[in-house]
1. Search region 57-67 for residues being of a type in the set (A, V, I, L, M, F, W, C) and under 15 Å from R17 (Cβ atoms), and hand back the single one that is surrounded by the most Cβ atoms within 10 Å (Cβ to Cβ).
2. Can you tell me which residue among E43, E55 is touching a residue at least 12 places away in the same chain (Cβ under 8 Å), within 30 Å of E7 (Cα to Cα) and charged (D, E, K, R)?
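Bear in mind that the values in this text are calculations on the coordinates, not laboratory data. Here the structure is a predicted model, which means the values were calculated and not measured. Positions of Cβ are backbone-derived with ideal geometry, glycine not excepted, and every protein chain shown enters the neighbour counts.
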Amino acid sequence: MSTLHDESTSQSITELRRLRLASEITSRAVAARAGVSTGRLSELERGVVEATGGELARISRALHELILAQAAVKQVANEVGWPL
């Protein structure tokens, strides 16, 4: 398991955290979808540990999928007149 040791990885994790918070998606949801523990995700987001390339890709993909799902739910809710 190779670990990425560069500044761009920590910037990527920081940006993913910013997007997660802005989208009001829980760390639990992202962690579950990415196949990492919530503790591990928290450590990654806080810079306590460094992400492997696989972790970064899985977390990014998980957040992307959750944001798309959230947008789809909002669109359907708007179409049928449900308040969110």
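1. I59
2. One residue alone meets the criteria, E55.
Residues checked against (1) part of a helix (DSSP H, G or I); (2) acidic (D, E); (3) exposed (fewer than 13 other Cβ atoms within 10 Å of the Cβ):
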position: I13; (1), (2), (3): yes, no, no
position: I25; (1), (2), (3): no, no, no
position: A29; (1), (2), (3): yes, no, no
position: R33; (1), (2), (3): yes, no, no
position: E45; (1), (2), (3): yes, yes, no
position: E55; (1), (2), (3): yes, yes, no
position: A69; (1), (2), (3): yes, no, no
position: A77; (1), (2), (3): yes, no, yes
position: W82; (1), (2), (3): no, no, yes
